[in-house]
Structures are given as C-alpha cells and as structure tokens.
Amino acid sequence: MITNNDKVLSKARITFIDSVTKPVIKQLLDDLLEDQVLNDEETESVMEENSTETKQARCLVDMVLKKGRKASEKMIARVQERDPGLYDKFGLDPRQPAKMTPSSPQLSQQEVRQVSSVLIPSTSDFKEGILQRKGCEIYPPMDKSGRKRLALLINNVEFDDKNMLRQGAVKDEENIERLLRDLGYDVVKHRNLSGQEMDEAVKAFSKREEHLLSDSVFVVMMSHGELGAIMGVHYKEGDPKPDVFLITNIFTHLNTDNCKALVNKPKVILIQACRGGNDGFVWVSDAVAGPSHDLELESDSIKREHNEKDFISLLSCTPYTKSYRDPKMGTFFIQHIMETFNTYACDDHIEELFRKVMVRFEDFHMGKGRQMPTKDRATLTKHFYLFPGL
C-alpha cells in the first residue's frame, strides 16, 4: 500500500529523474547513508553501476521507494534541504514541511525542532559517525583536553557623539560571549575602540600563540558601520578622515601570510553593522531618536572583502542596507544566531547553520519587510562541525 510520502515520491519519480542534478544525487546519497536509509554498498552501486545521471537518479529513487514510507519521507526531506526548487515540483503544500523522524541527525525546517534557549551538545555517537563517514570532508576537530580555542569579540557601544549610543548592544555582547564560551572558545573581548584600536586588536589576536593549539577561530565585530567599514568610537559624519576600521583588514591579518598558526583551519567572521542607509525593512530606524512606533528599532552599519582560503563570514544585512537592533533585546542578527546555534550546532556544519539563520530571518519577519543576512567569502574547502560539548 502506497501512502502519504510514498505516494508523493512515487508521483514525483519522473520529475526527480528528469530534474535532479549529479551534485544533488551525490549529496542525497551521503544524506541517506547518514540517515541509515541506504548502506555503503547501495550508495556505491548507484554511482558505479549506472553510467549516466538519469540512470543514477532512476536507480536511487527506485531503491528508496522499495524501502517504504519512512525511507521515502526521509528522502523527501533531504530533497527539500538540498534542492528547494526540485522539492517544489513534488507538489507538496509549501506551508507543510516534510516530516523527519526524531532519530534523523539533521532537520530540514526551522519549525521541526523547538528552539532551544541553551546550547544542545553533540552526542559522541554523532561525532564518531561523522568522522567515520566524512573524515576527509570535514575540518579535523582537536581533542578537547589539549586544544586552546580563541574568539575575538569587539563591541562598540558608546561613541563621542552621544546620539550614536547603541542601546541593546550590551545584551548582544552578553549573548554572543556566552555562546562562544559554550562552544569551547576563550573570548578575547574589547569594547569601545577607535578604528585604529580595532585594527591593532585584530592584528594582536592574529599573533596569539594559542592558535597553534586550536582547530578554528571566531571573530565577532559589532558597531555602527557603512559599506566596507566599521565605525570607531570617534566617528563623525563628514570628517575628511573618518574613524573607521576597514573590514578587509580582518582577512589580511588572519590570512596565510600573516597568521601561519591558522593555516588550513576554519576562520568564522560574524559582523553586526549596517552596510548603508537604505531600508531593508518598512520599520523606522537609526541610532538617532526617531518617531514612536509599535516597534522602536535602531540601526547599526559594512562590505564584501577579498576571498581567502578557509574563511567564511556572515554579515547582518545586504549591501547598502541597515541592520536593526532592539534597544532592550539587542540585534535581530545576534538573537537569531543564538537561537539557531543553540538548537542546531549539535548536528549541522557552519554553512548549514548560516543558512538556517537566513531562513529564520525570512520566516520571522515575513510580511514586515526584511533584513537579510549575507553569507560572504565562503572559501571553506570542507565542512566545519563545532561538535558542542565534545
């Protein structure tokens, strides 16, 4: 008897065969192996015994259909995750996410798992499974007992211009520092720096000896900003030599030439700041007091940089737009990072976590205008798993 997701996958069989690409087939094979839908021999046979992309797709879908409802359910959820456009062709109600069993290591929709207020640790079984199946495809984690992970956190709250006070920024600082420490990073923290002082702080951080005993690094910078720069505390509009820190300097100081200790190690950059003055939202904003609305929000300000190996950055908004901050709760960017990492870092790699942060913005702010974070400089050559707690 064919029911529910069996029927969906059966009806979508021709669509899947005609539309799926070879890279997605490979990803699905890895996913279904991880979900224990297929075994090693079956995944190898799909690729090795079928000479064309079409034959591989046909073999894969027929193999899963023979395994029944649960297998079909997991495959549909994985297609939704890997190729949303193909998933849409399956004819499911877009408001209804594909279901996955509780044992599945990854969930494709934010709504499937209840948001956690504390960091969920990875299990030893999950870590061992990932290392066994994808060892050469992930950045190798160092043993917790011997590593010395560091994170740099710079937060500008108070400025010479009192109208630029970033209310709520201290809450952001508390939240992101707690997350970084929970992830196993010792936090090197600075507050209220000039552009020159920020540059010196990043440069000094790049020289820390602890990086030799670390497997990764985070750099978090929060301030007002503009396209390409973060504002220092002495910033004055119209100044011929504005007090700013150029974002490209982060990548310069941490690149292969200047920071040998972090070669071949993932470097994660999080930047909360505006990148211009355009509204990504319909809500009123800016650091200076504005008209009273149901939601009184403020804005912060940044840019794209050169590509460097093993970097990835997430910026709080798209180019030329504002980034929004609640004066009491802090920025949406940091709030959504906390929610996503707490809930999903236990079994997602960093690029998938970033994607979920972006989806969370899209879902949470639907119908109210939209601030959209931007994943930039994604030069990671492997998956970076944080394995919280391990």
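For Asp239, neighbours were defined as the other residues whose beta-carbon sits under 13 Å from its Cβ, and their charges (Lys and Arg +1, Asp and Glu -1) total -3. Centre-to-centre, using Cα atoms only, the stretch 113-160 and the stretch 214-231 are separated by 19 Å. Converting phi to 3J(HN,Hα) with the Karplus coefficients 6.51, -1.76 and 1.60 and the offset θ = phi - 60°, the stretch 351-359 yields 5, 6, 4, 4, 4, 5, 4, 5, 5 Hz in sequence order, with x at every glycine or proline.
Less than 12 Å Cβ to Cβ from Lys134, Lys/Arg counted +1 and Asp/Glu -1: what total charge do the surrounding residues give? Numbers along the way, then the final one.
On the way: positive: Lys127, Arg133, Lys382; negative: Asp30, Asp31, Glu34, Glu128, Glu137.
With Lys, Arg at +1 and Asp, Glu at -1, the net is -2.
When the listed pairs Lys22/Lys55; Lys74/Lys356; Lys26/Lys265; Lys22/Lys89; Lys70/Lys134; Lys203/Lys309 are checked against a 21 Å cut-off, the alpha-carbon distance exceeds it for Lys26/Lys265; Lys70/Lys134. A simple packing score, the average count of other Cβ atoms within 10 Å per residue, orders the peptides 138-146, 10-18 as 10-18, 138-146, with the highest score first.
Where does the charge balance sit around Thr15 when Lys and Arg score +1, Asp and Glu -1, over other residues with C-beta under 13 Å from its C-beta?
Numbers: positive: Lys11, Arg13, Arg58, Lys89; negative: Asp18, Asp83, Asp88.
Around Thr15, the charge tally is +1.
In order along the stretch 258-272, phi translates into HN-Hα couplings of 9, 9, 4, 5, 10, 5, 6, 10, x, 10, 9, 10, 10, 10, 9 Hz, rounded to whole numbers, per the Karplus curve 6.51 cos²θ - 1.76 cosθ + 1.60 with θ = phi - 60° and x for Gly and Pro.
Read the figures in this text as sums done on the coordinates, not as results from a lab. Just so it is clear, the model here is predicted, and its values are computed rather than measured. Ideal geometry is used to build each Cβ from the backbone, glycine not excepted, and the neighbour counts take in all protein chains shown.
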